[in-house]
1. Report, by chain and number, residues whose modeled amide H sits under 5 Å from the one on C:ASN23, excluding near sequence neighbours (fewer than 5 apart, same chain).
2. Show B:TYR204, A:TYR138, B:TYR210 ordered by accessible area, largest first, where the area counts protein heavy atoms only and the probe is 1.4 Å.
3. Highest mean first, what order results for B:117-123, B:255-261, B:274-280, C:34-40 on Cβ atoms within 10 Å?
4. Please give the helix C:129-150 orientation as an angle from the longest Cα principal axis of chain C, in degrees from 0 to 90, rounded to the nearest 10.
5. Grab the other residues whose beta carbon is less than 12 angstrom from that of B:LEU135, score K and R as +1, D and E as -1, and report the net.
6. When averaged across all projection directions, what area in nm² does the alpha-carbon convex hull of the stretch B:51-104 cover?
7. For the stretch B:113-121, just list the computed ³J(HN,Hα) in residue order, Karplus coefficients 6.51, -1.76 and 1.60, θ = phi - 60°, integers in Hz, with x standing in for Gly and Pro.
8. Provide the per residue accessible area, probe 1.4 Å, for the stretch A:6-126, rounded to a whole number of square angstrom.
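The values are calculated or read from the model by the stated rules, or taken from the named source; none is laboratory data. Please read these numbers as outputs of a predicted model, since none were measured by experiment. FYI the Cβ positions are ideal-geometry reconstructions off the backbone, even for glycines, and counts take in every protein chain you see. Remember, those area values only see protein heavy atoms, side chains included, never the ligands or the DNA or RNA. Shrake-Rupley method; radii C 1.70, N 1.55, O 1.52, S 1.80 Å.
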Amino acid sequence: MFDKPIIDVLKEKLGDRIKDISQPRERRIYLFVDGKDIQDAARIIFFDMKSRLCTATAIDTRLGVEIIYHFFIDEDGMMINLKTVAPRPDLIIKSVAAVFVAAEWIEREMAELFGVTFEGHPDPRRLLLADDFPKCIYPYRNDYPQSKIEGFEAFPIDSPDKDNTNDL
Amino acid sequence: MKETIIPIGPFHPLLEEPELFTLRVEGETVIDVDVKIGWNHRGIEKLAQGLTWDQVPYLVERICGICSTSHPYACVLAMEEILDIKAPLRAQYIRSTVGELERIHSHLLWLGLAGHFVGYNTVFMWAWKYREFVLDSLEHLTGNRNHYAMFKAGGVRRDFSQKAMDFTMKSMDGVEKALKMFLGVVSDDPVLKKRLVGVGILTYEDAILYSATGPTSRPSGVDHDVRRDEPFDAYDKVDWDVVVLKEGDVFAKAACRILECIESVKIIRQCIENMPEGEIDAGVTDIPPGEGCGHYEAPRGEVFHYMRSDGTGYPIRHKIRAPTFNNLPTFKATCPGAHIADVALITAAIDPCYCCTERVGVVDNTGNKSVLTQDDLTKLSIDRTFAIRRDLGKLTWDPYSKLI
Amino acid sequence: MPLGLSSLKKSIWIYHMACSPCNNCDIEILDLLTPRFDVERFGVVLVGSVRHADALLCTGMVNRQIKPRLQEAYLQASKPCIVLAIGSCAINGNIFRKSYNMAGPVDRAIKEVDPNAIIVYVPGCPPKPEAMISSVVKAIGFLDTLKAKAK
Ligand code: SF4
């Protein structure tokens, strides 16, 4: 589809918004942008470069929650991984779902599992967890098993229970 | 007109995951739909972080019983990307064969349930009858009907025996004949046509916008297939086609699935005929630090796995995205404007879960309550089919005397 | 309740509840209805409402969200009612038992609301359809002993 390598197209379109870009394998590009540029970058990759949003990954790291949007360009078989960081302590970042609807569910999921706030998300409700799951517990954070909250068992099955002979 | 809210689910009598749909309807026309998921949330991504690299394929196999090849497939592709190796040739052919067998059994399963929903229980029974032959082949080849535990980073765990491959070749003949018959049934039957054509259309633009994948978007004209776009394993060594249709309605989705099955039969035949001799395992011992993405075209669309390693025995992050996660939101585009009786069918067409239609409470604005059950909704659906059939002058007897 | 028990033995109506399984147990249950296994020849019918059911087929590890619904559905079933915990997940949580969303396997969830519930365990991941048929037969045998006791 493009007349030059996709990595060059990206450099040209995003300019100095790119903080870091690399192509470790033939069909993978990893690029890093600042949190404030994420909407622009996502818009350019999704609409202008005609890609498809595979999904987004959140990873709890030392700096904050790292968020990777994975785009796939079907015609060239190229995966573009757009990385950014929602910085600690407040973990706030602009919502890509406000740009295109495909990111809506995945951002809802990240919001409830990691506690990231997506600014401008059109429908910020819970998606996966039970309604009575405590609001302040985020199971995918690295500190999860330590969070002891009154009335909430992190691993209910591990509690000693003499009646249940099926417990291994 | 009065606006009514219909909750559908979460428990439903027939199959698969519980899900809660909330429909807002005016008269019999759906104007908005909302989905609540999470009835099946098991925290697998978190569990994967506590398992060794060797155990993770067993865990991801248990994400979904129908896609129990696709998830490990994508997962080991991600691991192999971190390792920067490829499986030996024989292992590649074995993987592709198992993947395609799974595609046939999954599509036949869907076809049967779709048939059930339009009141064709014969199709249900027949499709599931032929599905058993596919499961038999899988049992011969891998040792189990479902959950094959075949995949590991850098190869497969078990070799195919010659006897099992011969059996599979033989059963493929029967399956292909059955598939051709189903194709005839679907494309010739005037009733099915009337019932399915033009229902729940997903336009090309919507499919792109929602990033829908697989047999949800391919019938809408989106020409993509991970197996072709990013070739791996045996898929670039055998001859097959990607099925792309234009219409985007339920009929096109059904046709697309059957045609895909026929392509799968083609792939399996070529894989088994050209099965190379040699090693089946590259002997991976540990995973170096790095990150990798793996994706595979599951029966329902693209499965995506992202893994990150820090060089220890455990992944530090494993992200899994199943196809339905992208396909389900397309309800918002397909359901508004549809007839209530068609909603069961449109939900079926995406193949997440067909019959979330138990315990439907209709609450109208005045506070009166009446309850529609799964049976009522199925009856509505069957009624509609028979009404069409009667219009076509094919039916003189009363359907309910025999059916219900 | 001898009358209830003896009529239960003739033709067991089952209702299928998926409590966060991986789906595989569920399709194997559906397999039972189709021509290869065809449990209708034993009078076993899959029904559309829990109120008509004699046996609940529960699969899966029961997560926090589905647990209250499972208990509610069990209470609505007409008694006597057998609960079949199908698959390793339903028996002890299988590979998911360390999950943060696990709310106890099927037997624990059911026994919270009815300590005297009859629970039949069908191990396997997934159990073969033959195993499920044999478990139903065994459950019927168990009803016989119950009946003898009731007399
Ligand atoms: S027991 Fe196995 S097959 Fe059954 S639901 Fe659990 S993981 Fe799936």
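1. When sequence neighbours closer than 5 places are left aside, the close amide H contacts are B:GLY65.
2. B:TYR204, A:TYR138, B:TYR210
3. Per-residue Cβ counts within 10 Å, averaged per peptide and sorted highest first, yield B:255-261, B:117-123, C:34-40, B:274-280.
4. On a 0 to 90 degree scale, this one is about 60.
5. Taking every Cβ under 12 Å from that of B:LEU135, the sum is -1.
6. Projected over every direction and averaged, the Cα hull of the stretch B:51-104 covers 3.8 nm².
7. Karplus values, whole Hz, x for Gly and Pro: 6, 4, x, 4, 6, 8, x, 9, 5.
8. Values: 4530 Å² over 121 residues.
Accessible area per residue: 37 Å².
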